[in-house]
Each structure stands twice: as C-alpha cells, then as structure tokens.
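The values are calculated or read from the model by the stated rules, or taken from the named source; none is laboratory data. What you see is a predicted model; the values in this text were computed from it and never measured. Please note: Cβ atoms are built from the backbone with ideal geometry, for glycine as well, and neighbour counts cover all protein chains shown.
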Amino acid sequence: MDLSLETREVADRTVVTVGGEIDVYTAPKLRDKITELVNGGHHDLLIDMEKVEFLDSTGLGVLVGGLKKVRAQEGSMELICSQDRLLKIFRITGLAKVFTIHDSEAAALEA
C-alpha cells in the first residue's frame, strides 16, 4: 500500500490529508512533505489521519519530528483521528498527551 498526501489551506492553517499506510517505507514521504511545508512558511499544520490504514513506530517518529519542526517556528501541529485502533497507539505510547487530537476537521478548526 502506498501513501497519499494532499494539502490545502483552511482558515490560516494547512491541512494535510494522509491516506494509506505510514510505515518504514512510506514515512519518509510524509516527513519530506512536513519539512517542505515548514520550510515554505506553513507553521500551523493539521494532519488528517482519517484515511490512514496502518501506522508503525517509524510513522510515529515522523509525526513527533514534525511537531518539533513546527514548534521551533512557534507553530502548531494537531491531528484529526477518530479511529480507535490509531487512538490506542497514541494512548499506549503516551503521545495522546503530546498531540492535540480532534475527532473531525470541523472540531479542529473550531478549537
């Protein structure tokens, strides 16, 4: 399975819609996209993970690395995720306390 990435601007934030699997093979593509966005001046990112089918430790590392990049620019990176299996990974690893996780794009944009 491949990784699909789509970006769009919504209310002063950049939404990155991620689809497919984020694993050791595809995670560099996500890392590169986050780096490209931050270097391009997009420091408030919203990562939509509703279409993610699989996430491994490499993918988690890319998300944490992305968070560090935006915070270095005084920005933010929040997640959209309502899938129990992914939320469980964030809870088990303690990353649910590190990331702000919304259950929908509407909820994220209201916050």
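Condition check ((1) among the aliphatic types (A, V, I, L, M); (2) under 25 Å from ALA106 (Cα atoms); (3) in contact with a Cys (Cβ under 6 Å, 6 or more places away or on another chain)) across all residues:
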| residue | (1), (2), (3) |
| --- | --- |
| THR14 | no, yes, no |
| VAL18 | yes, yes, no |
| PRO28 | no, no, no |
| ILE34 | yes, yes, no |
| ASN39 | no, no, no |
| LEU46 | yes, yes, no |
| MET49 | yes, yes, yes |
| PHE54 | no, yes, no |
| SER57 | no, no, no |
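For the stretch 32-53, enumerate the residues that are surrounded by fewer than 18 Cβ atoms within 10 Å (Cβ to Cβ) and without any contact (Cβ under 8 Å) to a residue 40 or more places away in the chain.
ASP32, THR35, GLU36, ASN39, GLY40, GLY41, ASP44, GLU50
Quick check on the stretch 52-64. Is at least one of its residues within 21 Å of ARG8 (Cα to Cα), in contact with a helix residue (DSSP H, G or I) (Cβ under 8 Å, 6 or more places away or on another chain) and assigned to a strand (DSSP E or B)?
yes
For ILE47, are the conditions met, namely being more than 10 Å from the chain's Cα centre (by Cα), farther than 17 Å from ASP2 by Cβ, β-branched (Val, Ile, Thr) and not in a loop (DSSP other than H, G, I, E, B)? Steps first, answer last, please.
Working: more than 10 Å from the chain's Cα centre (by Cα): no; farther than 17 Å from ASP2 by Cβ: yes; β-branched (Val, Ile, Thr): yes; not in a loop (DSSP other than H, G, I, E, B): yes.
Here the answer is no, as ILE47 does not meet what is asked.
Could you grab me the full set of residues in the stretch 1-31 that are surrounded by fewer than 20 Cβ atoms within 10 Å (Cβ to Cβ), at pLDDT 95 or above and not in a strand (DSSP E or B)?
The answer is ASP23, VAL24, TYR25, PRO28, LYS29, ARG31.
Which numbered condition trips up ALA96, out of (1) under 12 Å from the mean Cα position of the chain (by Cα); (2) among the small types (Gly, Ala, Ser); (3) farther than 21 Å from ARG8 by Cβ; (4) surrounded by 15 or more Cβ atoms within 10 Å (Cβ to Cβ)?
ALA96 satisfies every listed condition except (1).
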